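Notes for the one structure printed next.
Values in this text are rule-based calculations from the coordinates and carry no lab data. Quick caveat, the model's predicted, so the values are computed rather than measured. Using ideal geometry, Cβ is built from the backbone for each residue, glycine included, and neighbour counts are taken over all protein chains shown.
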Amino acid sequence: MGAQKGKDLLVKINDGGNYVTVAGLRSRRIAFNAELVDITHAESADRWRELLAGAGVRRAAISGRGLFKDAASDAVVRAAFFNGLISDCQVVVPDFGAISGPFQIASLEFAGEHNGEVSFDITLESAGALGFAAL
């Protein structure tokens with residue numbers, strides 16, 4: 001994957017029929033994590049750590065920062081957060097693929113300066129198995 005424009009990384013939430021791009025995001029990020037299960041024991045070769053393959057809990061977190069600019073995506077985000085919904089979400093990474101699956105909004109923060117715009121920060125945490133489709 002070569003260099004890509006950051007604005008092409010998209011965060012989308014399903015509104016019940018279509019994926020709606022969360023509008024106004026100026027920065028976005030997706031992080032994947034996997035817990036390790038240490039199975040090292042007294043007879044491990046030279047006391048090197050041993051791990052149990054595929055045994056740990058995997059998770060993904062999506063975060064973004066921006067401005068609310070689009071009524072449709074604003075409504076989907078608000079409804080998902082205030083109703084505690086687990087929503088079908090998709091992250092499109094250019095020249096890589098699309099990651100999709102269930103996510104819940106874990107954090108929704110608003111900020112604003114006296115002489116500036118209102119901005120928001122959003123964090124979504126995976127709530128089940130995720131799928132990947134190459135683009």
Study note, to complete from the structure: For the pair Arg58 and Asn14, the simple spin-label estimate (label points 7 Å beyond Cα toward Cβ) gives in nm 1.9
Check your understanding: Given (i) -0.49, -0.77, -0.92; (ii) -0.40, -0.71, -0.88; (iii) -0.36, -0.69, -0.90, which label gives log10 I(q)/I(0) by the Debye sum over Cα atoms at q = 0.11, 0.15, 0.17 Å⁻¹ as computed from the coordinates?
Key -> (i)
Point to revise | Which of Ile99, Ile30 has the fewest Cβ neighbours within 10 Å, and the rest in rising order | key: Ile30, Ile99
Exercise for review: Set the Förster radius R0 to 22 Å, insert the Cβ-Cβ distance between Arg29 and Leu85 as r into 1/(1 + (r/R0)^6), and round the FRET efficiency to 0.05.
Suggested key: 0.50
**Study point:** Local electrostatic count at Phe32 - Lys and Arg +1, Asp and Glu -1, tallied over other residues with Cβ under 13 Å
**Key:** +1
Review point. Taking the chain as a Gaussian network, Cα atoms linked when under 10 Å apart, which of Phe81, Phe32, Phe103 shows the biggest mean-square fluctuation?
Key: Phe32
Review point. What's the exposure ranking of Arg59, Arg49, going from fewest to most Cβ atoms within 10 Å?
Key: Arg49, Arg59
Exercise for review: Mind running the shape call on region 87-135? Use the C-alpha gyration tensor, a ≥ b ≥ c as the square roots of the eigenvalues: rounded below 1.5 for a/c, prolate if a/b tops b/c, oblate otherwise.
Suggested key: oblate
Review point. How far is it, in nm, from the label point at Asn115 to the one at Arg49 when both lie 7 Å from their Cα along the line to the Cβ?
Key: 5.1
Practice item. Specify whether the C-alpha gyration tensor of region 69-110 places it in the rounded, prolate or oblate class, a ≥ b ≥ c being the square roots of the eigenvalues: rounded for a/c under 1.5, otherwise prolate if a/b is larger than b/c and oblate if not. Key: prolate
Revision key, fill the gap. Quick calc, the chain, dipole around Cα centre from Cβ unit charges on Lys, Arg (+) and Asp, Glu (-), nearest 20 debye, gives 280
Exercise for review: DSSP loop (so not H, G, I, E, B), at most 13 other Cβ within 10 Å: list which GluC sites (Glu not before Pro) in region 61-135 pass both filters.
Suggested key: Glu113, Glu117
Point to revise | Positive minus negative residues near Val20 (Lys, Arg vs Asp, Glu; Cβ under 14 Å) | key: -1
Check your understanding: Toward the positive end of the charge dipole of the chain, about the Cα centre and with charges on Cβ (Lys, Arg +1; Asp, Glu -1), which of Ala79, Leu25, Gln104 goes farthest?
Key -> Leu25
Review point. Over the chain, what is the relative contact order in whole percent, taking alpha-carbon pairs under 8 Å and six or more residues apart?
Key: 25
Review point. So how do Lys69, Lys12 line up by other beta-carbon neighbours within 10 Å, fewest first?
Key: Lys69, Lys12
**Study point:** Summed residue charge, Cβ within 11 Å of Ser107's Cβ, Lys/Arg positive, Asp/Glu negative
**Key:** -3
